[in-house]
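Asker: Dumping the structure here so I can ask a few things about it.
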Amino acid sequence: MLPDGLIVYTRWDYVNRHDTIFQSLWVTRPDGTAVAHYYGNNSRSPCLIGEARSIPGTHKTVATAAAHHGQTLGTLIVIDPRKGQDDGEPLTWITPELKFPESGIPKGITTTANPLPENAAVSSARKGARAATPWPLSEDLFLAAYPHGGEQAIYLIDTLGGRELIY
């Protein structure tokens, strides 16, 4: 649910389109009327955007950039629809140590500082590590399922420079 009462959701829209991209975010009123595009309808990257949640006190959302046919696991992004509705300019990549599954890096994306040591980031990327289920606490702090060894754990992600194991 967004602050204005609209519901944000993932829509797989491939009628007369490519079949594995364009799984973007849309909005609707709770009664199902006023369906509209929110972000990514004409963007090839990220391939699928899911698990969108409104960031408290802002007009932004956090979401998981994932693969088109798989679990909703990937890298985490913040979307600012006031900066546009397509490509990288409206996006901030908050887990730059994790790759975009099945797509390249969106052109023009903003990247937060990589809070992990370079060897940890490289190790995560090589193993295909992926995060999921971002839960915004503020514009800079998020809880998320995040790679921890061969498992997932709950981490506090601080976009100003850190990751901390919570559970």
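Asker: Taking the condition of being in a loop (DSSP other than H, G, I, E, B) and open to solvent by less than 10 Å² (accessible area, probe 1.4 Å), how many residues in the stretch 74-105 meet it?
Answerer: Adding up the residues that qualify gives 7.
Asker: Still on this structure: Out of GLU97, GLU118, GLU102, which single residue is touching a helix residue (DSSP H, G or I) at 6+ places or on another chain (Cβ under 9 Å), more than 25 Å from MET1 (Cα to Cα), of a type in the set (D, E, K, R) and modelled with pLDDT under 90?
Answerer: Checking each option against the conditions leaves just GLU97.
Asker: Looking at the stretch 148-161 only, could you name the residues that are touching an Asp or Glu at 6+ places or on another chain (Cβ under 9 Å) and assigned to a strand (DSSP E or B)?
Answerer: If the condition is that a residue be touching an Asp or Glu at 6+ places or on another chain (Cβ under 9 Å) and assigned to a strand (DSSP E or B), then TYR155, LEU156, ILE157, ASP158 are the ones that fit.
Asker: Out of the residues in the stretch 60-73 that are open to solvent by less than 10 Å² (accessible area, probe 1.4 Å) and among the hydroxyl-bearing types (Ser, Thr, Tyr), which is farthest from the chain's Cα centre (by Cα)?
Answerer: The selected residue is THR61.
The values are calculated or read from the model by the stated rules, or taken from the named source; none is laboratory data. These numbers come from a predicted model, not from an experiment. Every residue, glycine among them, receives a Cβ derived from its backbone with ideal geometry; neighbour counts consider all protein chains shown. Side chains included, ligands, DNA and RNA excluded: accessible areas come from the protein's heavy atoms. Shrake-Rupley method; radii C 1.70, N 1.55, O 1.52, S 1.80 Å.
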